[in-house]
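Following: one structure in structure tokens, then a few remarks.
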Amino acid sequence: MIRIESAAATHVGQVRDNNQDRALVAGQLAAVADGMGGHAGGDKAAELAVAELSGVRGTISDASLIKVVQAANKRIFRVALAPELRGMGTTVVACVVDNATALMSMANVGDSRGYQLRDGEFRQLTDDHSLVKDLLRSGRLTEQEARVHPQRNIVTRVLGISEDVDVDLFTIEVKVGDRYLLCSDGLTDEVEDADIAQLLGSAESVETAADDLVRAAVRNGGRDNVTVAIVEVFADEPVTTNSEASISTEEAEELERSLLAESEKTGLLGKGSDEAEQSRTDQASTDQASTDRAGQEAGIELATDGTQSASKRLAPLVVGTAAVVIAILGWLGSGWYANASFFATDDGGEVVILQGRPGGFLWHDPSVVQTTGLSVSELDGTSLEHLTSQPSWSSLTEAEDFVANLTQGSDSSAEG
Ligand code: MG
């Protein structure tokens, strides 16, 4: 079993006046979209792509991930039939991690990229669908020429331009300690690979990595919107589920004896048999680690079709396992609850949008998903009051609308 942590950050950059990039980190999914087209169209297209992906819950198959991206394409294509949005499109790179199998599915269309950092080695996982990549492939450009080519931002495949789209898909076996980076070209055009690898590898958390990378791109010029999403892989405690239990009577007795011995050592067992049974249940519930250890010491592989007597003797173990499963579901549920909320706040004088609950929820701290370039000092009294009251929204779009209205309430002409 593995688990992941993820974070995203975005910035409008130093030249553009609106941010047409979008990022999403939710549950097992991370994604970056880089919109293009008319003034309103680019962010609309990226928004639609991310909205479609935000419907993904838990782990999905490779085929389903492709379907979601294709559904996003169809949706953008239909919306782009409106004359004022004609020609809008977006790149997308998205990944979904399956904790049980430690497999990551990564899909991409366009020139937003997916990278892996493993044991200090940094490599690009996706292929760019761009003019310079085609020229590189045919040997008409060198890597160095491609980096500075005036047409390096021309993409050959995007979502929203035609009714159907080919989606590239990569399946990666993830390892504990791996970090994955999804990014728009606003990062890779400004920061050299070696520097990206260094910042990605040295940051103490995914949040810091995301912030450091975006800051570096903006500092180096920020000629485009810059957006990153980071995923890190951690080890997770193995969970032995009830459905995996098969054990012979002798093995069950041996396991029970070793559990009993362990419980007596910790002084949790009472003398009476009913009390003893209850205490054993409590012990199994509160100490999955000792259960696992006892199972390992007895050299037993747990599977399903045990004898009746074994099942009965296993009751405390099963109750303990169920408690652990419930605890994990609770943890996942709290994560879902914490992440299903967006709000805006004052971050060092700038209005930023965070994903999470204001003040945090349990151990889930909110993280910045979008900087807006809007200065808090430009807000009028009413807008400032609205910002300070920290209302939260169930979608990024609503939070963005809230910030856009803040802008209207001030003298500033900044766009978001
Ligand atoms: Mg871009």
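Could you look through segment 1-50, keep only residues that are among the hydrophobic types (A, V, I, L, M, F, W, C) and either assigned to a helix (DSSP H, G or I) or touching a Gly at 6+ places or on another chain (Cβ under 8 Å) (or both), and pick out the one that is nearest to the ligand (Cβ to nearest atom)? Working first, answer last.
At the first step, the residues of segment 1-50 found to be among the hydrophobic types (A, V, I, L, M, F, W, C) are 1-2, 4, 7-9, 12, 15, 23-26, 29-33, 36, 40, 45-46, 48-50.
Then keep just the ones that are either assigned to a helix (DSSP H, G or I) or touching a Gly at 6+ places or on another chain (Cβ under 8 Å) (or both); that gives 12, 15, 36, 45-46, 48-50.
On the way: V12: 11, V15: 11, M36: 7, A45: 12, A46: 10, L48: 17, A49: 14, V50: 15 Å.
By that ranking, first place goes to M36.
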Can you pull out the residues in segment 382-397 that are closer than 26 Å to A46 by Cβ and part of a loop (DSSP other than H, G, I, E, B)?
Q390, P391, S394, S395
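Yes/no matrix, rows are residues, columns are (1) under 28 Å from the mean Cα position of the chain (by Cα); (2) surrounded by fewer than 17 Cβ atoms within 10 Å (Cβ to Cβ); (3) more than 16 Å from the ligand (Cβ to nearest atom); (4) among the hydrophobic types (A, V, I, L, M, F, W, C):
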| position | (1), (2), (3), (4) |
| --- | --- |
| E84 | no, yes, yes, no |
| G89 | yes, no, no, no |
| N99 | yes, no, yes, no |
| V109 | yes, no, no, yes |
| E121 | yes, yes, yes, no |
| S138 | no, yes, yes, no |
| Q151 | no, yes, no, no |
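Tell me which residues, restricted to segment 176-195, are away from the ligand (no atom under 16 Å from the Cβ) and not small (G, A, S). Before the answer, list the steps.
Going residue by residue through segment 176-195, those that are away from the ligand (no atom under 16 Å from the Cβ) are 176-180, 192-195.
Correct list: V176, D178, R179, Y180, E192, D193, D195.
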Where residues in segment 41-57 are within 15 Å of E398 (Cα to Cα) and within 15 Å of the chain's Cα centre (by Cα), which of them is surrounded by the most Cβ atoms within 10 Å (Cβ to Cβ)?
V50
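Out of segment 185-209, which residues are of a type in the set (A, V, I, L, M, F, W, C) and exposed (fewer than 15 other Cβ atoms within 10 Å of the Cβ)? Before you say what the answer is, go through the steps one by one.
Going residue by residue through segment 185-209, those that are of a type in the set (A, V, I, L, M, F, W, C) are 187, 191, 194, 196-197, 199-200, 203, 206, 209.
Residue satisfying the conditions is A194 alone.
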If you take the residues in segment 210-236 that are farther than 13 Å from S184 by Cβ, surrounded by fewer than 19 Cβ atoms within 10 Å (Cβ to Cβ) and not acidic (D, E), which one is farthest from the ligand (Cβ to nearest atom)?
A235
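Can you tell me which residues in segment 123-136 are within 16 Å of the ligand (Cβ to nearest atom) and polar (S, T, N, Q)? So that I can check it myself, show each step before the final result.
Looking only at segment 123-136, we keep the residues that are within 16 Å of the ligand (Cβ to nearest atom), and these are 126, 128-133.
The answer is T126, S130.
Just one of V25, V15 is surrounded by fewer than 24 Cβ atoms within 10 Å (Cβ to Cβ), of a type in the set (V, I, T) and in contact (Cβ under 8 Å) with a residue 60 or more places away in the chain; which is it?
V15
At least 2 residues that are within 20 Å of D365 (Cα to Cα) in each: list the strands (runs of 3 or more DSSP E) lying fully within segment 168-236 that qualify. Show your work before the answer.
Working: elements: 168-173, 179-183, 226-235.
Where strands (runs of 3 or more DSSP E) fall fully within segment 168-236 and carry at least 2 residues being within 20 Å of D365 (Cα to Cα), they are 226-235.
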Scan of segment 353-405 for residues that are within 21 Å of A26 (Cα to Cα), of a type in the set (A, V, I, L, M) and at pLDDT below 80, ordered by number
L354, L362
Pairs returned, first residue in segment 343-356 that is polar (S, T, N, Q), second residue that is assigned to a strand (DSSP E or B), beta-carbon separation under 7 angstrom, 6 or more apart or interchain, are T345/V352; T345/L354; Q355/F342; Q355/S367; Q355/V369
Residue count, segment 169-184, condition buried (at least 24 other Cβ atoms within 10 Å of the Cβ) and of a type outside the set (S, T, Y), comes to 3
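May I ask you to list the residues in segment 134-182 that are over 27 Å from G120 (Cβ atoms), small (G, A, S) and touching a residue at least 24 places away in the same chain (Cβ under 8 Å)?
Taking segment 134-182 as the starting set, the residues that turn out to be over 27 Å from G120 (Cβ atoms) are 134-135, 137-141, 145, 148-167.
Pick out the ones that are also small (G, A, S) and you get 138-139, 160, 162.
Listed by number, the residues that qualify are G160, S162.
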Flagged in segment 123-155 as touching a strand residue (DSSP E or B) at 6+ places or on another chain (Cβ under 6 Å) and either β-branched (V, I, T) or farther than 24 Å from A46 by Cα (or both), in numbering order, are R123, T126, V155
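The values are calculated or read from the model by the stated rules, or taken from the named source; none is laboratory data. Remember, predicted model here, so these are calculated numbers, not experimental data. All Cβ positions, glycine included, derive from the backbone under ideal geometry; neighbour counts span all protein chains shown.
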